[in-house]
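Taking it in order: structure first as structure tokens, then the write-up.
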Amino acid sequence: MKINFLGAAQGVTGSCYILETGGHRFAVDCGMHQGNAEIEKRNLNMDAYRPSSLEFILITHAHIDHIGLLPRVVANGYKGPIYATPPTRDLMQILLLDSAHIQEMEAEQQNRRRQRHGGNKPAEPLYTTEDAAATFPFIQPIEYDKPFEPVPGIRVTYRDAGHILGSAFIELEYTEEGKPTRIIFSGDLGRPGQLILPDPKKGNGDHTDYLFMESTYGDRNHKSAENSREELASAIAYSYKNHEKVIIPAFAVERTQQILYTLFLLDQEGKLPKDMPVYLDSPLAIRATEIFRNHPEYFDEKTQALIRDGKDPLSLPNLRFSQTADESRALNTMSGSAIIISASGMANAGRIRHHLRHNLWRKGASIVFCGYQGEGTPGRKIVDGAKQISIFGEEVAVAAKVFTIGGFSAHAGQTEILQWLKSFDGKDTKVILVHGEVRALDALSAIVHDQLGMDVHVPAYLEELTLEPGKGMVPVVDEAKAEPSIDWEYLLSDSQHLFAEFQKRMALAKSKPWVAQTEIRDRFLEVNRKMVELISEL
């Protein structure tokens, strides 16, 4: 078998693995690349995907970094089935439509900017809402623990990964050249004991040849759920005392529902002020919460017991919904303390940016991050201690109290990953670490190799890996395509040339009227300020 890593290789977005065996070509996940501009350029290149030659796609769960390119591959010729659990199917539909709407809005904004600057070439969205809707007929629901054959000779079983509602890790069994082979793709692995969902299902000791394992938190563990609840209570008390707001950037799926559940528990414990309103300011999160309510059979026993007792852990007496843009804007002119839960979870899109713009600079406000913050995102910059960040082109000071609460994470921590790995027969299992940043991959790789004695491989973006049981893994990667080299010497030389040219023209600048000189000065100071920011980031 050959596997091409089209994402989530030494990174955490764009999950997609193209597999080829026995004349069949198919994919596990088809996620969107998220991060800086260079990373997001990867979403434009469909050559490596070759959508029309894919026979089927297996989806682990409904997060955009695992499903976000499905409309694009469908628009570029994919016509096969897309397999997913029933909750994943339902969540995919609202998430892909929302993602398409964002693509359309961003393209529209770019076009307005280009027109103001005299540009003529229109920006195109990555895909449209029509492309997203065209994807839905291909989705076929698959239940946990029920093997099926998408094509003859390839047997697939979905198991509960405990990450988000309907999430799965995938067992893949096939025979190649007379050799039976078993591969497991962990998808995103959940945590034992988290709210709402059952614990991730473990291996039963069956032999596994290759195990593709996520490594998002491969270098650290999480705080306990109890500690995280207390931290959230502290953030609420801090801003309530200061008559300011608690701003919570939250992913619409799972994280928002976990926060609502936690607020329900705090309310039961008397730690949520009765006169402090809670606003769910995300139409997507509101719809996702309804999908959760429609699938209680996927909840853990504790949550189901609450429901049987007539309690709704996803509701609160003071919970209010902000559906429209006007309702959202009104939250930023409202006085007094409140809790605002809004998307996106990494603060790089959506309504949360407006709430940060209005509250990040307020000393009595709280900003609560309770999920992974990708490299290059505004959320990551705030968590890493930035003194100010740019929001809608405006530099906003970070004066609010920032809380980073790891206990809400839906990803397994290092110890939990290792415990799950040990539940499989690992004598001859080869482990391929994916979906993690380099630091996490290196830490987890060392433990798996040195302490568990297992062969470990860390693939690179666009790598092609050949798997043959009983033999070593053979990787091939075109580094020039995966990570094009940056000509730093040229950039430095060009900057020096520009500065030298500016110096030559100083006589012209000094000959201008005083008011014009002040404008040139201010623009030059802005260039220097940007350079200082760049140097400080290095």
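Considering only residues that are part of a loop (DSSP other than H, G, I, E, B) and crowded, with 16+ Cβ neighbours inside 10 Å, which ones fall in region 211-220? Lay out the reasoning, then the answer.
Looking only at region 211-220, we keep the residues that are part of a loop (DSSP other than H, G, I, E, B), and these are 215-216, 218-220.
Listed by number, the residues that qualify are S215, T216, G218, D219.
Determine whether region 474-492 contains at least one residue that is of a type outside the set (S, T, Y) and in contact with a Ser or Thr (Cβ under 7 Å, 6 or more places away or on another chain). Yes, region 474-492 contains at least one residue that is of a type outside the set (S, T, Y) and in contact with a Ser or Thr (Cβ under 7 Å, 6 or more places away or on another chain). I need a count of the residues in region 384-426 that are part of a strand (DSSP E or B) and within 27 Å of N204 (Cα to Cα). Total satisfying the criteria: 2.
Yes or no: region 139-149 includes at least one residue that is closer than 24 Å to L91 by Cα, of a type in the set (K, R), at pLDDT 95 or above and outside any strand (DSSP E or B). Within region 139-149, one or more residues are closer than 24 Å to L91 by Cα, of a type in the set (K, R), at pLDDT 95 or above and outside any strand (DSSP E or B). Looking across S239, S215, one residue alone is within 30 Å of Y174 (Cβ to Cβ), touching a residue at least 24 places away in the same chain (Cβ under 8 Å) and not acidic (D, E). It is S215. So, in region 293-347, exactly how many residues are of a type in the set (F, W, Y) and closer than 30 Å to W361 by Cα? Total meeting the criteria: 1.
Out of the residues in region 112-138 that are charged (D, E, K, R) and modelled with pLDDT of 95 or more, state the one that is surrounded by the fewest Cβ atoms within 10 Å (Cβ to Cβ). My answer is E130.
Taken over region 14-33, residues that are of a type in the set (S, T, N, Q) and surrounded by 24 or more Cβ atoms within 10 Å (Cβ to Cβ) amount to 1. Applying the criterion of being farther than 18 Å from T181 by Cβ and among the hydrophobic types (A, V, I, L, M, F, W, C) to the residues of region 409-433, the residue that is surrounded by the fewest Cβ atoms within 10 Å (Cβ to Cβ) is L418.
If I go through region 47-57 residue by residue, how many of them are farther than 27 Å from E375 by Cβ and not charged (D, E, K, R)? Reasoning before the result, please.
Of region 47-57, the ones farther than 27 Å from E375 by Cβ are 50-56.
With not charged (D, E, K, R) added as a condition, the list becomes 51-54, 56.
So the answer is 5.
So, of the residues in region 434-449 that are assigned to a helix (DSSP H, G or I), touching a helix residue (DSSP H, G or I) at 6+ places or on another chain (Cβ under 9 Å) and not small (G, A, S), which turns out to be surrounded by the most Cβ atoms within 10 Å (Cβ to Cβ)? The selected residue is L444.
Considering only region 84-103, I want to know if a residue exists there that is among the β-branched types (V, I, T), surrounded by 23 or more Cβ atoms within 10 Å (Cβ to Cβ) and over 22 Å from E290 (Cβ atoms). No, region 84-103 contains no residue that is among the β-branched types (V, I, T), surrounded by 23 or more Cβ atoms within 10 Å (Cβ to Cβ) and over 22 Å from E290 (Cβ atoms). Checked against the criteria, G364 counts as touching a His at 6+ places or on another chain (Cβ under 8 Å) and surrounded by fewer than 22 Cβ atoms within 10 Å (Cβ to Cβ).
Look through P81, P51, P71 and report the one residue that is at pLDDT 95 or above, surrounded by 24 or more Cβ atoms within 10 Å (Cβ to Cβ) and more than 16 Å from the chain's Cα centre (by Cα). Break it down stepwise before answering.
On the way: P81 fails: surrounded by 24 or more Cβ atoms within 10 Å (Cβ to Cβ); P51 fails: surrounded by 24 or more Cβ atoms within 10 Å (Cβ to Cβ).
None of the other options fit; the residue is P71.
A Cβ distance below 8 Å, combined with a sequence gap of six or more or placement on separate chains, defines the contacts here; from region 136-155, residues that are in the same structural domain as P71 (by TED's automatic domain parsing) reach residues that are of a type in the set (V, I, T) and in a loop (DSSP other than H, G, I, E, B) in the pairs P141/T85; I142/T85; E143/T85; Y144/T85; F148/I142.
Among helices (runs of 4 or more DSSP H) lying entirely in region 251-335, which contain 2 or more residues that are surrounded by 18 or more Cβ atoms within 10 Å (Cβ to Cβ) and modelled with pLDDT of 95 or more? Spell out the reasoning first.
Details: elements: 255-268, 283-294, 301-308, 325-330.
It comes to 255-268, 283-294.
The values are calculated or read from the model by the stated rules, or taken from the named source; none is laboratory data. Note that the coordinates shown come from a computational prediction; the quantities given were computed from them, not determined experimentally. For neighbour counting, all protein chains shown are included, and Cβ atoms are generated from backbone atoms with ideal geometry for every residue, glycine included.
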